[in-house]
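First up is the structure itself, then whatever we jot down about it.
Every number in this text was worked out from the coordinates using simple rules, so none of it is lab data. Here the structure is a predicted model, which is why all the values come from computation and not from measurement. Neighbour counts are summed over all protein chains in view; Cβ atoms, including those assigned to glycine, are modelled from backbone coordinates with ideal geometry.
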Amino acid sequence: MELRPTAVNRAANAGLGLVPGVLACVEGVRATGAADRATAGVIAALCAVIAVRGYRVGVRCAAGRLTVRGWLWTRTIERDRITAVTGFPAVRWTAPSGRRRWTPVGAFVGNEGELAGVRRRKRDNRAALRRWAAGKGA
């Protein structure tokens, strides 16, 4: 089961990397020095990574494993290690070492200013994640 934000939300997330990436490319073309071009290239590459990760943020629940794709990292957690899904939302879980961990699910964080459809999708995704973590879903 894939839990993702709405298409509009995903496009906006990607835009956070695309817009500065395009600007970096423009500056790289306009730059006269090799160091400036190299810097613009590195920035454009980092922006591309952010754009792709922003588009792909979400959660996959499959085969007893939860994979949380965030802006900076991806974490896979075994369902039997999950202790709670908080209202933030975040997944509380216990590592094999016994250490208690906390993994935020940024894709489903609500905001008062968002469109009703976006807010509803995030709420539904949080509910589906809680059901899955409790063993009642896919």
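Just a few scattered comments:
- Value of relative contact order over the chain, rounded to a whole percent, pairs C-alpha under 8 Å and six or more apart: 22 percent
- Listed candidates (1) 55, 30, 29; (2) 59, 40, 24; (3) 75, 30, 25 - label of the one calculated as Cα extents along the principal axes in Å: (2)
- Dipole of the chain, positive direction: furthest Cα of ALA127, VAL26, GLY54, with charges on the beta-carbon: ALA127
- GNM top mover of GLU112, GLU27, GLU78 - the chain, alpha-carbon springs below 10 Å: GLU112
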